[in-house]
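So the structure is just underneath, and the comments pick up after that.
The values are calculated or read from the model by the stated rules, or taken from the named source; none is laboratory data. Computed from a prediction, not measured in an experiment: that's the story for all the values here. For neighbour counting, all protein chains shown are included, and Cβ atoms are generated from backbone atoms with ideal geometry for every residue, glycine included.
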Amino acid sequence: MFKSESCAERETRILDKLRPIPGVVFLHGLRRERKVGGRCFGTMVMELCGPSLRDLAMKGPLREEEVAEIVKELAETLKGVHSSGVVHRDLKLENVFTKLQDASTIRPVIGDFGVATDDAREMSQSCGTEKYMAPELIFVERYGLSYTKAVDVWGLGVIAYELLKGYQRSNLEMHLLREGEFQWPANLSPEAKNLIMGMLDLDPRKRLTLDQVINHPWILENCSTTRATANITSCCGGKRSTPHSSHPAVKKLRVA
Ligand SMILES: Nc1ncnc2c1ncn2[C@@H]1O[C@H](COP(=O)(O)OP(=O)(O)O)[C@@H](O)[C@H]1O
Ligand SMILES: [Mg+2]
């Protein structure tokens, strides 16, 4: 995949900064390569991850305990990301991968920092994926407004919603979420609904903080001793390896 020079530099610089955070995809390095038509291409070499959360959710809804573990872990990772001054801005199922490891445990890994920023001045740019954008992001440029890291909590809320419902191909439901309308799956617990409504509060100032997510009763109740489990072997051909595998993933970029 090829991107512009500024995108390549942004993503590698930001991933470099986030290296100590275990739930962020690990960047081994950037290799500059051949010139093609005067342009220099490069390859980002990253930790090889397993299937994305979209791959898992396409098979159908996950159990509440599984989703609670994933949401908790993502919230903890995002806390580290935000503490490093970075906002992801494009959180969605397909940008969250899973750790490759021996146990059949879902350990989410946040990837694709292609539109992430560590510059507060950029928090007035419209970016991300329309289907998943927080309401305050939609008209930010038209009205000369700005937004906060709360856009990532919105993204996390949509991820939780989709994991509990199964992957939604259509954009319609996400538009409804931005109007405060939820189409809950049958039998979803009131506590799960309460957490999701808190993460998807239309007002970013009233939206839950990551600490409030981590300490929400539904998370505490469902994340006691056991970890989320699911059959993810079928998505990754049964292959498992240790974190920061010796078989890296690569992403092609235009670097100059
Ligand atoms: N570290 C990784 N391990 C395994 N697959 C990856 C990894 N990074 C990216 N991919 C694969 O490449 C696809 C595109 O990567 P991503 O970083 O999301 O870039 P973009 O969405 O901007 O094209 C992902 O959906 C995934 O299938
Ligand atoms: Mg992506």
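Here are some notes:
- Considering residues of region 96-117 that are near ligand 2 (Cβ under 10 Å from one of its atoms) and in a strand (DSSP E or B) only, the residue farthest from Thr129 (Cα to Cα): Phe97
- Ile138 being without any contact (Cβ under 8 Å) to a residue 60 or more places away in the chain and either over 15 Å from Leu202 (Cβ atoms) or β-branched (Val, Ile, Thr) (or both): yes
- Residues of region 138-159 that turn out to be part of a loop (DSSP other than H, G, I, E, B) and among the aliphatic types (A, V, I, L, M), as a count: 2
- Residue selected from region 47-92 under the condition among the charged types (D, E, K, R) and either within 16 Å of ligand 2 (Cβ to nearest atom) or on the phi > 0 side of the Ramachandran plot (or both), by the criterion nearest to the chain's Cα centre (by Cα): Lys92
- Some residue of region 99-111 being modelled with pLDDT under 95 and of a type in the set (Ser, Thr, Tyr): yes
- Gly80 meets all of the listed conditions (1) closer than 13 Å to Ile159 by Cβ; (2) in contact with a Gly (Cβ under 8 Å, 6 or more places away or on another chain); (3) away from ligand 1 (no atom under 16 Å from the Cβ) but one, namely (1).
- Residues of region 46-70 that are touching a Phe, Trp or Tyr at 6+ places or on another chain (Cβ under 9 Å), assigned to a helix (DSSP H, G or I) and away from ligand 1 (no atom under 14 Å from the Cβ): Glu64, Ala68.
- Check on Gly180, modelled with pLDDT under 95 and within 15 Å of Val67 (Cα to Cα): no
- The single condition from (1) within 26 Å of Lys59 (Cβ to Cβ); (2) in a loop (DSSP other than H, G, I, E, B); (3) charged (D, E, K, R) that Glu162 fails is (2).
- Identity of the residue in region 18-35, in a strand (DSSP E or B) and farther than 14 Å from Asp112 by Cβ, that ends up modelled with the highest pLDDT: His28
- Cβ-Cβ under 7 Å pairs, at least 6 apart or on other chains, region 165-188 side touching a residue at least 40 places away in the same chain (Cβ under 8 Å) and outside any loop (DSSP other than H, G, I, E, B), far side β-branched (Val, Ile, Thr) and crowded, with 16+ Cβ neighbours inside 10 Å: Met174/Val158
- Residue check for Leu176: surrounded by fewer than 19 Cβ atoms within 10 Å (Cβ to Cβ), hydrophobic (A, V, I, L, M, F, W, C) and more than 16 Å from ligand 1 (Cβ to nearest atom): yes
- Residue match in region 128-144 (condition: within 15 Å of ligand 1 (Cβ to nearest atom), hydroxyl-bearing (Ser, Thr, Tyr) and either at pLDDT 95 or above or under 20 Å from Met199 (Cβ atoms) (or both)): yes
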